[in-house]
Amino acid sequence: MEHIDRLLAAADEFATSVASINRQLVGKIDIGMIDYTLSDERNPLVSAIRRFKDDAPDVDVSLMTGTPAEVERAVIDGILHFGIVPDYQRHPSLKYRHLYDEEVGLFCAGEHPMSVALDAGKILSQEEILEHALVYRGYFESNTIRTLKQKFPVGTIVFQTEAVLALVGAGVYLGFFPTHCTSQALYEFKELRPDIFRYSSPICAVWRGDRNQSPVLQQFLELITVDAPTSAAGLAGRR
């Protein structure tokens, strides 16, 4: 199956290369991203796709979601042309460009003891919060955020933000997730001590460093990074 995926990716790359020779913006661009990023108003992806389709109406745009490692691997293997991932650690064969910073907080909900305490007007201490089990991520995170999470008992391990939202929303565990997720959630989330637990995670565009970029990919990169800062702001590698 992996061999077939790479063969199809090579065929798409050939079609895009032919378009490059003819100076035509035709073909296909495959983009990967981590889940639950589009609700962040700072994410430039949607506006970049809209402008790109205005400039190149004959180019098909494909989107997939996955863990940071899955997106990066698909870019390396040529299955994806481009990805949007947190800046955890950098792979030597990929190029990275900082796009924006995502705010992440610690949340509770439902009938969780911390949620009930907040409803009662109690001011919670760090020690009280750290007594409760946390939803952990099943993929690599920076040393800084792993050190922070390791202070909590392990509740369960998941790979997707949607799973964190569901488990925290059910009142079963505490969980870290991007603050913008609460705007579209079905649950009434409450953030716990943002002065202690909130942090900023840099989000990057990634593409293969050794790839002979076609006009299609160059055009999209220009559109999505047009407002990006020249260097990462915030604390690198935290999510």
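The values are calculated or read from the model by the stated rules, or taken from the named source; none is laboratory data. Keep in mind it's a predicted model, so treat the numbers as computed, not measured. Every residue, glycine as well, gets a Cβ built from its backbone with ideal geometry; the counts of neighbours run over all protein chains shown. Just so you know, the surface numbers come from the protein's heavy atoms only, side chains and all, with ligands and any DNA or RNA stripped out. Shrake-Rupley method; radii C 1.70, N 1.55, O 1.52, S 1.80 Å.
Some notes on this structure:
- Sulfur and carbon atoms: percent of accessible area, the range 56-150 [1.4 Å]: 50 percent
- Cα centroid of the range 120-150 to Cα centroid of the range 154-174, whole Å: 12 Å
- Label-to-label distance, nm, for residues given as Glu41 and Leu186 (7 Å Cα→Cβ offset): 2.6 nm
- For the range 56-193, DSSP calls about 50 percent of its internal beta bridges antiparallel.
- Cβ-Cβ FRET estimate between Thr156 and Leu63, R0 fixed at 41 Å, reported to 0.05: 0.90
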